[in-house]
Amino acid sequence: MIIGLAPADDAAVVRLRDDLALVFTTDFFTPVVDNPVDFGRIAATNAISDVYAMGAMPLVALNIVAFPTKTLGVEILGEVLRGGAEVAQRAGISIAGGHSVEDQEPKYGLAVIGTVRPEDVWRKGGARVGDGLLLTKALGTGVLATALKRERIAETDAAMVGAVRSMTTLNARAAELPRRERVTVHAATDVTGYGLVGHLGEMLRASEGVCAVLDAGALPVLDGALDLAREGVLPGGSRANRTAAAEWLIVAPDADDARVWLACDAQTSGGLLIACPMAECLALRDVMRVEGIPAAVVGEIVAGSGATVTVR
């Protein structure tokens with residue numbers, strides 16, 4: 001075992017040979033949208049993301065299903081599974097079966113296995129003073145999904161269409177480009193339920209003697225999310241994230257509070273967060289933008305104790 005629970009990371013890693021390791025992970029959740037195909041696509045994209053966050057490539061997956069077939073029927077379940085299969089095909093892997101149980105609330109996801117060379121594993125810890133912080137997807141999926149549930153927006157509205165597009169975009173290219181460009185990745189994770197602040201906090205606590213400064217104005221934001229955050233359309237998960245971070249989150253007096261909320265927003269199938277030397281970080285951002293990835297340098301790693309995150 002190269003990576004397990006001491007410390008925990010985005011996935012477990014087991015060395016098979018000197019030149020080969022297996023990465024394995026699982027993730028599933030309840031629907032964030034009403035369209036069953038989109039739900040399947042989002043859940044599958046999210047589950048595969050942890051493999052990319054380790055610097056690995058997915059190999060094969062299994063479905064995990066809990067579904068009320070007696071009330072919703074097998075046809076809707078089939079649509080969910082079709083969405084997951086579409087994403088697996090884009091990722092270049094097979095879904096080789098899985099397991100299902102009857103449940104009152106729909107849940108779907110994948111167990112995923114990937115491969116990586118042991119020396120190429122990206123870990124959550126290892127960020128160094130002077131590193132830039134690169135985020136590869138825009139924030140705001142939690143806010144927009146909450147607006148959908150509250151009927152503030154519809155699934156056909158441009159803002160929600162953009163959110164679904166983001167949540168169903170694989171992090172494959174975002175994980176491949178640092179290797180192609182020979183970037184020195186010191187630490188990496190993906191941004192999901194704990195939000196950017198929460199997952200960055202995990203990165204800092206897994207590193208040594210470092211803190212982080214986030215530039216609120218540099219945070220990439222999905223269309224419509226900022227206005228909704230200003231109106232107080234915030235999911236309970238985002239509020240819980242900010243409360244949980246209260247002891248180590250420092251907010252500058254002049255920081256835009258709506259953007260601070262988006263830094264804490266509970267994401268579904270978010271982007272990768274990569275810590276690497278600032279010059280390489282800026283160059284990688286430019287390469288990613290040419291490739292159509294909305295990457296942004298959102299902050300930097302600084303010396304300090306307490307693993308604090310300052311948003312200014």
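The values are calculated or read from the model by the stated rules, or taken from the named source; none is laboratory data. Everything numeric in this text was worked out from a predicted model, so none of it was measured. Ideal geometry is used to build each Cβ from the backbone, glycine not excepted, and the neighbour counts take in all protein chains shown. Ligands, DNA and RNA are stripped out before the accessible areas are found, and what is left, the full protein with its side chains, is counted by its heavy atoms. Shrake-Rupley method; radii C 1.70, N 1.55, O 1.52, S 1.80 Å.
Could you tell me whether region 51-58 includes any residue that is part of a strand (DSSP E or B), modelled with pLDDT of 95 or more and not β-branched (V, I, T)? Yes, that holds for at least one residue.
Filter region 198-249 down to the residues that are open to solvent by less than 30 Å² (accessible area, probe 1.4 Å) and β-branched (V, I, T), then identify the one that is farthest from G130 (Cα to Cα). Only one residue tops the list, namely V233. I'd like the full set of residues that are assigned to a loop (DSSP other than H, G, I, E, B) and surrounded by 20 or more Cβ atoms within 10 Å (Cβ to Cβ), limited to region 250-266. If the condition is that a residue be assigned to a loop (DSSP other than H, G, I, E, B) and surrounded by 20 or more Cβ atoms within 10 Å (Cβ to Cβ), then C264, D265, A266 are the ones that fit.
Scanning region 7-32 for residues that are of a type in the set (V, I, T) and buried (at least 21 other Cβ atoms within 10 Å of the Cβ), which turns out nearest to A147 (Cα to Cα)? That would be V32. Is it the case that some residue within region 160-178 is in contact with a Cys (Cβ under 8 Å, 6 or more places away or on another chain) and closer than 21 Å to I301 by Cα? Yes: one or more hits. Scanning region 274-312 for residues that are among the acidic types (D, E), crowded, with 17+ Cβ neighbours inside 10 Å and closer than 21 Å to R173 by Cβ returns a single hit, E280. The single condition among (1) assigned to a helix (DSSP H, G or I); (2) within 14 Å of the chain's Cα centre (by Cα) that V37 does not satisfy is (2). Kindly establish whether L135 is touching a residue at least 12 places away in the same chain (Cβ under 8 Å), touching a Pro at 6+ places or on another chain (Cβ under 8 Å) and of a type in the set (A, V, I, L, M, F, W, C). Yes; evaluated as a whole, the condition is true for this residue. The condition (being in contact with a His (Cβ under 8 Å, 6 or more places away or on another chain), open to solvent by 30 Å² or more (accessible area, probe 1.4 Å) and either under 28 Å from A21 (Cα atoms) or modelled with pLDDT of 95 or more (or both)) is satisfied by just one residue among L81, L62: L62. Residue check: V143 meets all listed conditions (1) closer than 22 Å to N35 by Cα; (2) under 17 Å from the mean Cα position of the chain (by Cα); (3) part of a loop (DSSP other than H, G, I, E, B) but one, namely (3).
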